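Encoded as structure tokens, the structure appears first; notes follow it.
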């Protein structure tokens, strides 16, 4: 073992994949009991007994601890803004927090406390052996807490910068910069450049220690070669690979395991200052203060984001997320304006339209049963809800019961209110808007690719995945097997064989499919509930609403509405329960698959979670949109589920209104659940934490302890919406903003990609979705920024090239959106039947007239059924038959079937086949037109702008030239002493020969 005072450092992998001394092994989170006090108490007691009985010299070497002295202690120097050790020279790169359990009267066994202490000392000793410097300081507010400050010396930083391929400036970019597009108007929508200055542009190259002098530029004098974000990233890399325990051939390592096992309570890099007060420290950039005042504060809601500063402070991964969210919000302005116009058009024309209906009320002659004859009278009215709501029209149309025995006959005008709502969304403006959104989503994705390419260039992440990303320590620790690498042409260590990898992937796929089938089973259960409760509501609800005090609600509360609302609430509860359970399963499966890099890990987890959430959130919506009311039979011969429950029907207007209601209830329930989890509970935790850690106003709290009192970032990082937490008592403005965002999020509070799916997949049923998404995102950006700058500890900066697996997911949603919106218009709304009737069935040979008209459409859309054809099992009971139902021999139902007395009575009519053919033709034609348009737009809009391609090629050429010249200069410097010596020797020899010649 190396001496504790040695400043040498080893390879960062600590020979994890090639050690001949140890058979490296590390357990996964579920296998390694470290996260749950890794060894059992019985094992620990047995270890202690052996320790007491056996002399230490005679014990076998089961642990190999570094011979490191204890971490030096230092008291707080009273400077609350200090980011340095007590000497004021060594910068703090990371903070580790632990609790001295011997001082808190803990009830845990002494063996547990001793094990934690031993592992902590072993871990810190390894850190110092690797060249890092530590200093521990006791808490000002809690004497049980201790803060270990970690500093990485410059030579260690250089070593790890080479390993991580960190790019640093080598020359100022002297290419002609693009002129600013800001004018006197647009400049007010951008951050003030006098406050947040533009980052200087440099040519960069991966760091090499032998070329150190060429990375230290005059333009960067006074600045550290490595930024705080780079230092934090390298510190976390070291902490992730430092060992904390060795038993035989088992070696355990990584700060993550120590945090899970309670050895440390927290680990985080430091914020550079307080968010609302500038630091008094000299040369402090105050980036946190700038981000809060110019970005996260609600006064800046209309301004563009300072993405370069966000990236510099939080890292590329956070920067690319906010860049995507901002770009998505910007593109929503056009979609929201178009959707609002469509909604206004539907609202204005809901009771007046150029389409005119001619309702034919058909009354059968009950005296002649062998040959049914018809008496007709025609009423011509405007389209909309007049014909349904008018007592003389809709009030005289008697509809058939919608369930067996317990459902009465009802009048068409009882659906007056739902018909009014339907006219707002089911119009030709919705068709135009659905086509527009299919084109919009293509433009959004294509322009985002171009914008992302620009960010990759500006942020030096173009070649990140190929050069910089290192394997995960969990992956390296499992490398038992060898395989031939086609890249290096050598043998390399891998954690599994080809068969083992296939088994892991199949296990993951099987688990995901099982949970998706579980969702389908829950949807079937909700459908059965709907079928059973509709009968119950049909029986009890009508009698309850007949009471005088409830009479005003009679036309608003129907059995269909009551069934839909209660079923939607149950669906929300099931969605939340399954979502929480599956999250743990998805993490376990992804850990089991053992992806190589963190990017691969996140992409795998993202795909699993999205597939599950997509089915979980939208399965009930797909059922209502495309399956409900499609296979119901007719009153005399209905279709039954499981042989017991009659299949449910849509309202006479269609299922479009119910689809909108279902989406609204799911989103509202999700919003309430999210706000309880992400706002209420964290707020209560913050209040309790502040109450329990109150200190006197005269005490000065150091920077690292101020950050410890903040909330940690969630385990899944950017996957979910970030935790809604805050210091409400000290930030009244943000409290108001979060309350306002809460009420908006009651309408739209999904994770952003789920929101994107709602905006695109079902936009034909709710044109206001983009507008609500726009309002939500405007607040979401500022609230998320506020949480990151004021309420969260500083996140470890991470590199990212793009949005990862979300990109193909968004493209898949965009392709699916064309199908879903086309299917909603074709199969869920009444638009296609109207067009078929207007252009085909309203003229000869199907009608007497020669002019296209809507006269007779309602009569053609409601089929006729003779009440004498009811079977005994489905005929309504006499006691529930309304009093007004006298001498009526027929009722109507929604379908396209032949009337009684027809030679093919109750079979599908010619109108039905015309409509089906038109729906399929509409789907095929519209899909092909839209897909062709999307393809052409994708082809015509390149992913990388041509100007940017030229600039990238130019910069690569100049960078290579600079590096070449640098190597030549470096080589000249190396051979200069040798050449001077040789030249001196040659000159000396020449002098000797000259003197000899003179003597001769």
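The values are calculated or read from the model by the stated rules, or taken from the named source; none is laboratory data. Keep in mind that what you see is a predicted model, and the values were worked out from it rather than measured. Reconstructed Cβ throughout: ideal geometry from the backbone, glycine too, with neighbour counts over all protein chains shown.
Out of 731, 745, report the one residue that is crowded, with 23+ Cβ neighbours inside 10 Å, modelled with pLDDT under 75 and farther than 30 Å from residue 161 by Cα.
After ruling out the rest, the residue left standing is 745.
Is at least one residue of the range 847-858 within 27 Å of residue 631 (Cβ to Cβ) and under 49 Å from the mean Cα position of the chain (by Cα)?
Scanning the range 847-858 turns up at least one residue that is within 27 Å of residue 631 (Cβ to Cβ) and under 49 Å from the mean Cα position of the chain (by Cα).
Among the residues of the range 140-163, how many are in contact (Cβ under 8 Å) with a residue 60 or more places away in the chain, surrounded by fewer than 20 Cβ atoms within 10 Å (Cβ to Cβ) and part of a loop (DSSP other than H, G, I, E, B)?
4
Listed residues 462, 441; which is part of a helix (DSSP H, G or I) and out of contact with any strand residue (DSSP E or B) (no Cβ under 8 Å at 6 or more places or on another chain)?
Answer to the selection: 441.
Within the range 765-785, is even one residue more than 30 Å from residue 272 (Cβ to Cβ) and at pLDDT below 75?
yes
Among the numbered criteria (1) modelled with pLDDT of 70 or more; (2) under 34 Å from the mean Cα position of the chain (by Cα); (3) not in a helix (DSSP H, G or I), which single criterion is violated by residue 663?
Only one criterion in (1) modelled with pLDDT of 70 or more; (2) under 34 Å from the mean Cα position of the chain (by Cα); (3) not in a helix (DSSP H, G or I) is unmet by residue 663, namely (3).
Among the candidates 858, 815, 832, 924, single out the residue that is surrounded by fewer than 19 Cβ atoms within 10 Å (Cβ to Cβ), outside the structural domain of residue 631 (by TED's automatic domain parsing) and either without any contact (Cβ under 8 Å) to a residue 24 or more places away in the chain or part of a helix (DSSP H, G or I) (or both).
Checking each option against the conditions leaves just 924.
Residues in the range 607-618: is at least one under 30 Å from residue 834 (Cβ atoms) and modelled with pLDDT under 85?
Yes, because at least one residue in the range 607-618 is under 30 Å from residue 834 (Cβ atoms) and modelled with pLDDT under 85.
Somewhere in the range 774-788, is a residue in contact (Cβ under 8 Å) with a residue 12 or more places away in the chain and over 25 Å from residue 333 (Cβ atoms)?
no
From 220, 233, 288, which residue is crowded, with 22+ Cβ neighbours inside 10 Å, over 26 Å from residue 470 (Cβ atoms) and either modelled with pLDDT of 90 or more or not assigned by TED's automatic domain parsing to the domain that holds residue 475 (or both)?
Residue meeting the stated conditions: 288.
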